[in-house]
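Rule-based calculations on the coordinates, nothing more; no lab input. All figures in this text were calculated on a predicted structure; none of them were measured in a lab. Note: ideal-geometry Cβ built from the backbone for every residue, glycine included; neighbour counts use all protein chains shown.
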Amino acid sequence: MCGIIGFAGRVEAAPILLEGLSRMEYRGYDSAGIAVRSDNWGLQAKKAKGRLEALYGLTHGGADLDGPLGIGHTRWATHGEPNDCNAHPHISEDGRIALVHNGIIENYLEIKENLLRKGIRFTSDTDTEVVVQLLGYHYQQCGSMLEAVGRVLRRIEGSYAFGIICSDYPNALIAARKDSPLILGYGENGNFIASDVTAILKYTRDVSYMEDGEIAVVTAESVDVFDQELTPLDKKRCRVDWDVSAAEKGGYPHFMFKEILEQPEAVRKTVSPRVQNGRVALDGFSMTAEEVRNLSRIYIVACGSAYHVGVVCKYIWERLLRRPVEVCLASEFRYSAPLVDRNSLVIIISQSGETLDSMAALREAKRLGGRTLAVVNVVGSSIAREADSVIYTWAGPEIAVATTKAYSTQLVLMDLIGLYLGDLLGTVPGGEYEAILKGLAELPDKMRACLDQIQEMQYLGSRYFNHDSVFFIGRNLDYAMGLEASLKLKEISYIHSEAYASGELKHGTISLIEEGTLVVALGTHAALFDKAMSNVVEVKARGAEVLALTTERYRERMEKIADAAIVVPDTHPILQPSLGVIPLQLFAYYVALQRGCDIDKPRNLAKSVTVE
Ligand code: M6R
């Protein structure tokens, strides 16, 4: 969480820092701050609780702070409540050093006690302030910033991406990273550091990715990178081909809405280059039939919505591969003594490629000797770089905290990978391979048909927005889809919502159904449609209001019994969740809109979860 940016250039830094922060606000948005160095004023810092707008106002769009060197931060609070004091940048006691941080310093209390004993005074509750005070202390001792940074890095434990400026260094900012993302950007009017490429895309597409343990010295003219022994390193530059406009709202009311609408095209981009001459052709990943046959285990490991993709896949892959597939929450994986060995395939799914739990799971899988494959959206992200192989979902930048197009592209990419592995094993049932590929090719058009129902979803949003509690019920793939639909609703509308496997209702949860309880009944899975209908009858008999989701084929039957029905086109059964989820994303969106929620930046959340 948190986004950091730094700029060393030949033009005013403050407006550039604010602009960059505005692109990264999705990473954290409870407070923000910038610090700029100028020859006239030395270090000047401004911080403001709340959204970035507050900082814009406080600094008059950056005009109040002059100087070509600066750092900025947008915060998702971990240590200390969101307020002005705890906002970054933090400043050393002598006022000479300013520092921004993304990550967590685990041994901060112990260091803080030492510094307090030396008489250093603290002004915040954060772990980060400990770093800047320690840095100030060592700088006073040794007189060299680089040397002082090296000493601090050897002392602290935890995860970090740092941006540091010092009033004694008019031209240079220093950056360091461990377990938190940090990129270097090479611009015309100066050079950058940033947590995320979208922050600097307006100014440059030439970037390098910092690795753990590296330290960078960035000036307007140069970017020098060192290892922890301060040995200079050669960094490879990459060109980012993301479209700048893809990271902008472009007239849409919310990023989430725009990203929902982008799904057909994103899915087409993810699928179509990977189907050649009627076969799945995966870039960056291949296995032999023997290697697949020898697999002892297949794990899919992820968090949040990406985990829900894994749940859908378990149903699909076990059908295509006739092999057990384990889906694990990344936050649990490394603490559960996973049975990974050299014959295991561990697939990590992540939009950002920076989720700390997913990264830790990846490292654990590698440590145990497993073969790792990352399914990631952000090119060059940490998970993408550390996994043995990576296949990218080509969804483009996703800005809204609630994922939509990343989920959809992950789903279809996992369908392709499942087909690929099943084909190698020879276990895909006769005719299914071709039928699924045909279904995937038709998916973008059918997704567009789902998006044609925007008005109906708007109406349903206004009909149901004032419910306090919602249950999504379904069986098999419908249950898996319900997990995602329920998360979407709760994270942006703050309505309590649960997804239940319908068959489980009578084992406890049905006692919560009373007059008027909203139940979203998912009945798109053809093989279990009759059972889905029985569950609708059961909850209706107990007074539930039923909003159903089904396919054209079952429209008539469902409409007779449910209070309202959403209908999506029929497709191959294993692809049905890719269609069903779309109106449910829209439903969550319109419910949240009716409730006046901050859709793109829901409370307490951040897009990229880089803390445990
Ligand atoms: O970047 P990742 O895909 O690793 O993120 C995983 C989850 O944090 C993410 O899917 C989260 O659940 C979304 N906010 C859900 O909309």
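List of remarks:
- For the stretch 276-419, taking the reciprocal of the average inverse distance between every pair of different Cα atoms yields a Kirkwood hydrodynamic radius of 14.9 Å.
- Only DSSP H runs of four or more residues enter the estimate; each adds -39500 (n - 2.57), and after division by the residues of the chain the mean residue ellipticity at 222 nm equals -11000 deg cm²/dmol.
- For the stretch 238-311, the share of alpha carbon pairs falling in successive 5 Å distance bins from zero is 3, 10, 10, 16, 20, 18, 10, 6, 4, 2, 0 percent.
- For the stretch 229-293: lysine pairs under 28 Å (alpha-carbon distance), excluding those fewer than 8 apart on one chain: 4
- The stretch 317-402: C-alpha pair distances exceeding 20 Å, %: 34
- Binned Cα-Cα distance frequencies in the chain - 20 Å width, integer %: 20, 49, 27, 4
- Whether the stretch 121-161 is rounded, prolate or oblate, judged on the alpha carbon gyration tensor where a/c under 1.5 counts as rounded: oblate
- Angstrom value of the Kirkwood radius, inverse mean 1/r, which spans all Cα pairs in the stretch 1-80: 12.1
- Debye-sum result for the stretch 108-228 in log10 I(q)/I(0), which assumes one identical scatterer on each alpha carbon, at q = 0.10, 0.11, 0.15 Å⁻¹: -0.32, -0.39, -0.70
- The Cα trace of the stretch 359-434 gives Rg and Dmax of 14.6, 41 Å, the first to one decimal, the second as a whole number.
- Between 0 and 90°, nearest 10: helix 145-155 axis offset from the chain longest Cα axis: 50
- In the stretch 98-149 the Cα-Cα distances spread across 5 Å bins starting at 0 as 4, 21, 30, 26, 16, 3 percent of all pairs.
- Extension gain, Q141 to D388: 0.36 nm times the residue separation minus the Cα-Cα distance gives 84.6 nm.
- Across the stretch 536-584, the convex hull enclosing all Cα atoms gives 75 Å³ per residue.
- The overall shape of the stretch 31-122, judged from the alpha-carbon gyration tensor, is oblate: a/c is not under 1.5, and a/b is no greater than b/c.
- About the centre of its Cα atoms, the stretch 183-292 shows a dipole size close to 700 debye [charges on the beta carbon of Lys, Arg (+1) and Asp, Glu (-1) only; nearest 20 debye].
- Between 0 and 90°, nearest 10: helix 529-541 axis offset from the chain longest Cα axis: 80
- Dimensions of the stretch 299-343 along the principal axes, based on C-alpha atoms and rounded to the nearest Å, stand at 29, 27, 12, largest first.
- Bridging of K540 to aspartates and glutamates at a Cα separation below 15 Å is possible for E514, E515, E559, D563, once same-chain residues fewer than 8 apart are set aside.
- Working note: Debye formula, equal point scatterers on the alpha-carbon atoms of the stretch 494-612, no solvent; log10 I(q)/I(0) at q = 0.10, 0.17, 0.20 Å⁻¹ is -0.36, -0.95, -1.16.
- For the stretch 412-471: Kirkwood Rh in Å [reciprocal of mean 1/r, alpha carbons]: 14.6
- Axis angle, to the nearest 10 degrees, between helix 128-142 and the longest C-alpha principal axis of the chain: 30 degrees.
- In terms of overall dimensions, the C-alpha atoms belonging to the stretch 75-123 reach 30, 24, 16 Å along their principal axes, ordered largest to smallest.
- Cβ-Cβ FRET estimate between D227 and N189, R0 fixed at 45 Å, reported to 0.05: 0.95
- Rounded if a/c under 1.5, otherwise prolate or oblate - the stretch 171-309, Cα gyration tensor axes: oblate
- In sequence order, calculated HN-Hα J values of the stretch 321-332 (Karplus, 6.51, -1.76, 1.60; Hz; x Gly/Pro): 9, 6, 9, x, 10, 9, 10, 10, 5, 4, 5, 9
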